[in-house]
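Trainee: If you scroll down you'll find the structure; I have some questions about it.
What follows is calculated from the coordinates using simple rules that are stated; it is not laboratory data. Computed from a predicted structure; not experimentally measured. All Cβ positions, glycine included, derive from the backbone under ideal geometry; neighbour counts span all protein chains shown.
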Amino acid sequence: MFASAPASSLHLSHPAFGTRRPRLARCRSSLASSSSSGAAPPPANANHLIQTLCANGRLARAAALLPGLPAPTQRTYESLLLAAARAGDAALAAAVHRRLEADPVFRSDPFLSTRLIESYAALGALPAARQVFDEAPEKSIFVWNALLKALALADHGDEAIARLSDMGWLGVPVDSYSYTHGLKACIAVSASHAPASARVREVHAHAIRRGYALHTHVATTLIDCYAKLGIVSYAESVFAAMPERNVVSWSAMIGCYAKNERPADAIELFKDMMASDPDLVPNSITIVSVLNACAGVNALGHGKLLHAYILRRGFHSLVSVLNALMAMYMRCGCLEDGRNIFNWIGHRRDVVSWNSLISGYGMHGFGHEAIQVFEEMVQVGLSPSIITFISVLGACSHAGLVDEGKELFESMVDYSVKPRAEHYACMVDLLGRAGQLDEAVELIESMHIEPSPQVWGALLGACRIHGHVEYAEMACSHLFDLEPRNAGNYVLLADIYARAKLQNQVDVLKDLLEEHALEKVTGCSWIEVKKKLHSFTSVDNKNPPVEQLHALIGEFVAEMKNEGYVPDTGIVHYDIEEEEKERILLGHSEKLAVAFGLINTGSGEVIRITKNLRLCEDCHSVTKFISKFTEREIVVKDVNRFHHFRDGICSCGDYW
DNA sequence: TTAGGGTTAG
């Protein structure tokens, strides 16, 4: 009823407004008269007019008025600089800069020096920002901090450290802003002398000496820096030492666990946060981080609780939250629930929503559906991003859609997306999995950029599937240089040698692993039962309940052997008796998690398991058998994709 | 006047 009445008439006719013309109407009339004034002298209220034009994005008109303006105010300069930065108009920023240099009233004004530096930084013009700083006669702390921010934006970590040190010997008192900008500059990835972790530790030590390390913003930034560097223990120390934590610092620590492969700790910390203080209310960023962590461990129960919380607290008005919720469902194996949320988001879908759906179909092996969603996305007028192509090419790879993948890869140029190493890695994976190893190698050789470890890793993975020793050695000759500490590459090559019955080569690799003190990633599987996470590793066989699980698996295997199953002991690298190898296979974490699920869940329930590595062939065979024998649906998410086991068949079609 | 945490892939 109210919506049908024009808003303006409601307001203007209200007695509370009296007979004065409303402010907006006055601005409109000024704008109208100014547009026809041409080169006439600026009106008396020109300062106000320029500010209004800037606020309305009419920069050309505002810029045209500036030269004739006898006395620009500080506010006018500020409006022009902010608008120039917002519109990406470097020429306007430079014109304002020139005008300001000639202005005896404001040329030394530190407020405007700050704004100039900020604008140049936002426009990507670091040399100009640096010049303004160097020439600023009065360098207030704001001017210094603006320079540090500019250096952070431009990824100049070493220079930021040098400037912080300048502040020290010049006696300029640093403040908390100096540290937050300085730290952000430190974790920049581009050319630098010192590694990022050394720079962060240096600024951290500096902050401790000046008494700023526990300041809420500084400490939160420190947590985030250590999170990005993967040094979780340092982030934990900073978080533990804070006297005063708020929702942002908690979220930063939760995010630190989530992005460093400790999703279970992220969920636990979220619970601690909720229990620690009733005034501490999670916000949308907290929710997104925890949803991400739920997906990381397949904690569907927790994810559903969060879904209810989102609806209760009104977070479903935010697309970012819905995107994260949708991704959580799909990454927890519930593709349909994810699709329903995508449908529900409706016209508010952004590129992330589309990418999530494409990757969701991809990770579940629905390649054609992923391509269809890609086409729909293009049809509704959205531009596919770098990630869209990674998602859709990955989907083709999982489904073995070689021709479709090639076509999409070639179409990238039509969308102005330049193929990156990630896209080549997808293509090598696609060709390699499909057995087209020569073509995969040709593609690598044709690359115009340096092949990344992911590209060689994809080739190595394909060699493992197809037992190609020569190309595996070629891939490893690069991988051992590029990532010498990655034990996984040594293990994969050893696996390929073992299957080729090259035991001597296997032993050489094992010696190398030992010599360099490289540790294999322990196989680990998770299962959530009654909203509690249970994890299993293949090395933990001292736990009494594990004996029960071993026994149950043993019974299934005995039954399978009657039907002709032969345990795939080829993947056990130890030079031991066959019987012992079989015993090792029985203890694989994924089998233990399946057995635990069978014992602890109801007969109709879907068993959902997550594994931190690729599912091995033997576990795959055994799980197929168990799904048929027990008439249970088992969904396993490995490091690459989903496997839906039902009635003795896996959704991957044994292609993974 | 300035600042801190999040989403999609591999």
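Trainee: Can you pull out the GluC sites (Glu not before Pro) in the range A:193-249 that DSSP calls coil and that have at most 15 other Cβ atoms within 10 Å?
Mentor: Sparse-neighbourhood loop GluC sites (Glu not before Pro): A:Glu244.
Trainee: Moving on. For helix A:503-515, report the angle its Cα long axis makes with the longest principal axis of the Cα atoms of chain A; keep it between 0 and 90° and round to the nearest 10°.
Mentor: So the inclination is approximately 40 degrees.
Trainee: Under unit Cβ charges (Lys, Arg +1; Asp, Glu -1), what dipole magnitude, rounded to 20 debye, does chain A have relative to its Cα centre?
Mentor: Working: 61 positive and 74 negative charges, 824 e Å.
That gives chain A a dipole magnitude of about 3960 debye.
Trainee: Using Cα positions and a limit of under 17 Å, work out the aspartates and glutamates in reach of A:Lys418, with same-chain residues fewer than 8 apart set aside.
Mentor: A:Glu407, A:Glu410, A:Glu450
Trainee: Step through the residues of the range A:388-393 one at a time and calculate ³J(HN,Hα) from phi using the Karplus curve (6.51 cos²θ - 1.76 cosθ + 1.60, θ = phi - 60°), rounding each to whole Hz and writing x for Gly and Pro.
Mentor: Along the range A:388-393, the couplings run 4, 5, 4, 5, 6, 5 Hz.
Trainee: Provide, as a two-decimal number, the C-alpha radius of gyration of the range A:289-341 over 2.2 N^0.38 Å, N being how many residues it has. Mind showing how you got there, number by number?
Mentor: On the way: Rg = 9.7 Å, N = 53, 2.2 N^0.38 = 9.9 Å.
Ratio of Rg to 2.2 N^0.38 Å for the range A:289-341: 0.98.
Trainee: Separate question: Residue by residue through the range A:452-457, which ³J(HN,Hα) values in whole Hz follow from phi under the Karplus form 6.51 cos²θ - 1.76 cosθ + 1.60 (θ = phi - 60°), with glycine and proline marked x?
Mentor: 7, x, 5, 5, 5, x
Trainee: If you don't mind, there's one more thing I want to ask. Dividing the alpha-carbon Rg of the range A:533-650 by 2.2 N^0.38 Å yields what?
Mentor: 0.99
Trainee: Among A:Trp656, A:Trp169, A:Trp144, which comes first, second and so on when ranked by fewest other beta-carbon atoms within 10 Å?
Mentor: Result, fewest neighbours first: A:Trp169, A:Trp656, A:Trp144.
Trainee: Once the mean 1/r over all distinct Cα pairs of chain A is inverted, what Kirkwood radius in angstroms do you read off? Walk me through the intermediate numbers first.
Mentor: Values: mean 1/r = 0.0342 Å⁻¹.
Roughly 29.2 Å, rounded to one decimal.
Trainee: At 222 nm, what value in deg cm²/dmol follows for chain A if DSSP H runs of at least 4 each add -39500 (n - 2.57) and the sum is divided by all its residues, to the nearest 500?
Mentor: Using -39500 (n - 2.57) per qualifying helix, the result is -20000 deg cm²/dmol.
Trainee: With θ taken as phi - 60° and the coefficients 6.51, -1.76 and 1.60, list the Karplus ³J(HN,Hα) couplings across the range A:360-370 in order, rounded to whole Hz; mark glycine and proline as x.
Mentor: Once θ is set to phi - 60°, the couplings for the range A:360-370 become x, 4, x, 5, 9, x, 8, x, 4, 5, 4 Hz.
Trainee: Can you give me the C-alpha center-to-center distance between the range A:280-359 and the range A:580-656, rounded to a whole angstrom?
Mentor: For the range A:280-359 versus the range A:580-656, the Cα centre distance is 26 Å.
Trainee: Sorting A:His466, A:His398 on the 10 Å Cβ count, fewest up front, what's the list?
Mentor: Ordered from fewest to most neighbouring Cβ atoms within 10 Å, A:His466, A:His398 come out as A:His466, A:His398.
Trainee: Moving to a separate point now. Using a 10 Å cut-off around each Cβ, can you sort A:Ser621, A:Ser477 from fewest to most neighbouring Cβ atoms?
Mentor: Final ranking by Cβ density, sparse to dense: A:Ser477, A:Ser621.
Trainee: Tell me which of A:Cys225, A:Tyr565, A:Pro545 sits at the most positive position along the dipole axis of chain A, charges placed on C-beta atoms (Lys, Arg +1; Asp, Glu -1).
Mentor: Positive-most Cα among the choices belongs to A:Cys225.
Trainee: Separate question: If the reach is capped at under 16 angstrom between alpha carbons, list the aspartates and glutamates near A:Lys406, excluding any in the same chain fewer than eight residues apart.
Mentor: A:Glu375, A:Asp414, A:Glu422, A:Asp429, A:Asp438, A:Glu439, A:Glu442
Trainee: In addition: List the trypsin sites (Lys or Arg not before Pro) within the range A:482-549 that fall in a DSSP loop (any state other than H, G, I, E or B) and whose Cβ has at most 14 other Cβ atoms within 10 Å.
Mentor: Counting only loop positions with at most 14 other Cβ atoms within 10 Å, the trypsin sites (Lys or Arg not before Pro) in the range A:482-549 are A:Arg485, A:Lys501, A:Lys520, A:Lys530, A:Lys531, A:Lys542.
Trainee: Follow-up. Sorting check: for A:425-433, A:128-136, which peptide has the highest mean count of neighbouring beta carbons within 10 Å, and how do the rest follow?
Mentor: A:425-433, A:128-136
Trainee: Calculate, in nm to one decimal, what A:Arg98 and A:Glu410 gain on full extension: separation in residues at 0.36 nm each, minus their alpha carbon distance.
Mentor: 107.6 nm
Trainee: Something else about it: For A:Lys228, which lysines qualify as cross-link partners when the Cα separation must be under 22 Å and same-chain residues fewer than eight apart are set aside?
Mentor: By straight Cα distance, A:Lys228 reaches A:Lys149, A:Lys184, A:Lys259.
Trainee: Is the shape of the range A:134-241 best called rounded, prolate or oblate, per the rule: a/c under 1.5 gives rounded, else a/b larger than b/c gives prolate, else oblate, with a ≥ b ≥ c the square roots of the Cα gyration tensor eigenvalues?
Mentor: Oblate.
Trainee: Quick one: which residues, 5+ away or cross-chain, put their amide H under 5 Å from the amide H of A:Cys524? H built at 1.01 Å from N.
Mentor: For A:Cys524, whose amide H was placed from the backbone, the distant partners under 5 Å are A:Asn612, A:Leu613.
Trainee: Is the shape of the range A:232-314 rounded, prolate or oblate, going by the alpha carbon gyration tensor and its root eigenvalues a ≥ b ≥ c, with a/c under 1.5 for rounded and a/b larger than b/c for prolate?
Mentor: Note, shape of the range A:232-314 comes out oblate.
Trainee: By how many degrees, between 0 and 90 and to the nearest 10, does the Cα long axis of helix A:196-209 differ from the longest principal axis of chain A?
Mentor: 60 degrees
Trainee: Classify the range A:378-518 as rounded, prolate or oblate, taking a ≥ b ≥ c as the square roots of the eigenvalues of its Cα gyration tensor: rounded when a/c is under 1.5, otherwise prolate if a/b is larger than b/c and oblate if not.
Mentor: Cα axes put the range A:378-518 in the prolate bin.
Trainee: Ok, one more. Just for chain A, what percent of DSSP beta bridges are antiparallel, to the closest 5?
Mentor: So the antiparallel bridges amount to about 80 percent of the total.
Trainee: Measuring from centroid to centroid over Cα atoms, what is the spacing of the range A:374-416 and the range A:165-214 in Å?
Mentor: The two parts, judged by their Cα centres, are 42 Å apart.
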